[in-house]
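Have a look at the structure below, then the notes.
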Amino acid sequence: MKIAVFSTKAYDRRFLDEENEKHNHEIDYFEAHMRVASAPLAKGYDAVCVFVNDTLDESTLEILKQGGTSVIALRCAGFNNVDLQAAQRLGMLVVRVPAYSPYAVAEHTVALMLAMNRKIHRAHNRVHDGNFALDGLLGFDLHGKTVGVVGTGKIGEVFIRIMKGFGCHVHAYDIAVNPACEAVGAKYVDLPTLFETSDIISLHCPLNPDTHHMIDEVAIERMKKGVMIINTSRGGLIDAAELIAGLKTGKIGNVGLDVYEEEADLFFEDLSGKVIQDDVFARLLSFPNVIITGHQAFFTSNALQNISDTTLTNISLVEAGKPCPNLVVPEALKA
Ligand code: NAD
């Protein structure tokens, strides 16, 4: 197929080109994000390959369809950025990469948690500055603490296994119980109980209308004083303004974020030297007890190889008219 890859970085091109030796698709790379303004660039391409911060709303999809595109290949798991109903109406197929490395994301979650708890970012800067004082670097033992895990799918399960290795108690919440999590000792509780009992809360559920702003003023009010909140899932799970309010009162002790609701204009770009226009994000950056990474939890060589492999295999299966296990079907149509 003739494929237009959007939001391309050098690493995408490297891994896709390597994998394409097995598939022989005709691939062109575009640095632009996919949205209404850039959609005409895809004219004449059978498939469009996009990432997390591309926008495939109805208007964008209509332009793509007029240009001859029939396949949307997401090189990510989440599909909250695609209007699936519109894609269905236009007869476009949407494929995704449901799993590329739950280990990459779960391990990055742990990295944020440990760095935040032991203030590694601040300690690193201090030591480089010849300051070996320990004041302000006090952490706590993870052993024996209760970790609340919201979403116990592939990533949540790996994260729970790691936490059990640390000797933590795990309280879990999901709309569907994962028996493998129970088998390693996670205890399923309702969401308010998870908020009330956890020392650390980590989010691993998808963003959808039910989970949007699940961490809001009411949820924060229920939490233990000094709670640590980690989000490596999707920014929209947290109301960032309420998070800031909780940090200011000291109710929230530590925050680790790999995602941010308005990240599309920030993440994956080198904006050094530019003025950040998002005041909420700038305020979050100003807290000593907040660590933010720019949506890099997935970013391991293993994951990039798996993403490229699955993406091109998805497109090859669709081209051959064979069933593709990674087709995204709107919920209403599943029923
Ligand atoms: P998954 O589908 O295996 O698991 C998601 C789990 O969330 C499922 O068990 C599902 O039942 C549960 N869930 C759905 N609705 C829920 C609700 N209302 N409340 C609680 N739980 C609910 O997905 P996964 O592979 O584990 O990925 C989890 C999320 O991680 C993805 O949705 C994606 O947003 C995010 N992610 C982030 C990165 C990154 O680089 N930061 C990379 C990959 C995935």
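The values are calculated or read from the model by the stated rules, or taken from the named source; none is laboratory data. Owing to the predicted nature of the structure, the values given are computational and were not obtained by experimental measurement. For neighbour counting, all protein chains shown are included, and Cβ atoms are generated from backbone atoms with ideal geometry for every residue, glycine included. These area figures cover heavy atoms from the full protein model, side chains too; ligands, DNA and RNA do not enter into them. Shrake-Rupley method; radii C 1.70, N 1.55, O 1.52, S 1.80 Å.
Quick rundown of the values:
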| quantity | calculated |
| --- | --- |
| Members of segment 180-217 that are among the hydrophobic types (A, V, I, L, M, F, W, C) and touching a residue at least 60 places away in the same chain (Cβ under 8 Å) | 200, 207, 214 |
| Residue ranges of strands (runs of 3 or more DSSP E) in segment 54-165 with at least 1 members under 25 Å from residue 33 (Cβ atoms) and touching a Leu at 6+ places or on another chain (Cβ under 9 Å) | 71-74, 93-95 |
| Single condition residue 305 does not satisfy, out of (1) in a helix (DSSP H, G or I); (2) touching a residue at least 12 places away in the same chain (Cβ under 8 Å); (3) of a type outside the set (Val, Ile, Thr); (4) open to solvent by less than 50 Å² (accessible area, probe 1.4 Å) | (4) |
| Residue, farthest from residue 101 (Cα to Cα), within segment 33-81, restricted to residues that are modelled with pLDDT under 95 and among the small types (Gly, Ala, Ser) | 78 |
| Lone qualifier among 96, 161, 122, 118 - being more than 30 Å from residue 317 (Cα to Cα), touching a residue at least 60 places away in the same chain (Cβ under 8 Å) and open to solvent by 60 Å² or more (accessible area, probe 1.4 Å) | 122 |
| Neighbours by Cβ (under 8 Å, 6+ apart or cross-chain): first from segment 73-89, closer than 17 Å to residue 52 by Cβ and polar (S, T, N, Q); second assigned to a helix (DSSP H, G or I) and within 13 Å of the ligand (Cβ to nearest atom) | 80/236 |
| Tabulated pairs, segment 239-251, first over 15 Å from residue 228 (Cβ atoms), second basic (Lys, Arg), C-beta under 7 angstrom, 6+ apart or interchain | 244/283 |
| Subset tally (residues that are more than 16 Å from the ligand (Cβ to nearest atom) and basic (Lys, Arg)) for segment 51-75 | 1 |
| All positions within segment 200-218 that are more than 7 Å from the ligand (Cβ to nearest atom) and out of contact with any strand residue (DSSP E or B) (no Cβ under 9 Å at 6 or more places or on another chain) | 209, 212, 217, 218 |
| Some residue of segment 225-236 being farther than 23 Å from residue 279 by Cα and open to solvent by 50 Å² or more (accessible area, probe 1.4 Å) | yes |
| Test result for residue 244, surrounded by fewer than 21 Cβ atoms within 10 Å (Cβ to Cβ), under 19 Å from residue 279 (Cα atoms) and of a type outside the set (D, E, K, R) | yes |
| Residue match in segment 16-30 (condition: surrounded by 18 or more Cβ atoms within 10 Å (Cβ to Cβ), within 27 Å of residue 208 (Cα to Cα) and touching a helix residue (DSSP H, G or I) at 6+ places or on another chain (Cβ under 8 Å)) | no |
| Whichever residue in segment 141-156 is in contact with a strand residue (DSSP E or B) (Cβ under 9 Å, 6 or more places away or on another chain) and either among the charged types (D, E, K, R) or open to solvent by 10 Å² or more (accessible area, probe 1.4 Å) (or both) and, among such residues, is farthest from the ligand (Cβ to nearest atom) | 144 |
| Options 91, 78: the member that is near the ligand (Cβ under 8 Å from one of its atoms) and open to solvent by 10 Å² or more (accessible area, probe 1.4 Å) | 78 |
| Members of segment 240-261 found to be assigned to a loop (DSSP other than H, G, I, E, B) and touching a helix residue (DSSP H, G or I) at 6+ places or on another chain (Cβ under 7 Å), listed by number | 251, 258, 259, 260, 261 |
| Candidate set from segment 270-296 (those that are within 16 Å of the ligand (Cβ to nearest atom) and assigned to a loop (DSSP other than H, G, I, E, B)); member that is nearest to residue 208 (Cα to Cα) | 295 |
| Among (1) open to solvent by 60 Å² or more (accessible area, probe 1.4 Å); (2) out of contact with any Gly (no Cβ under 6 Å at 6 or more places or on another chain), the one test that residue 181 misses | (1) |
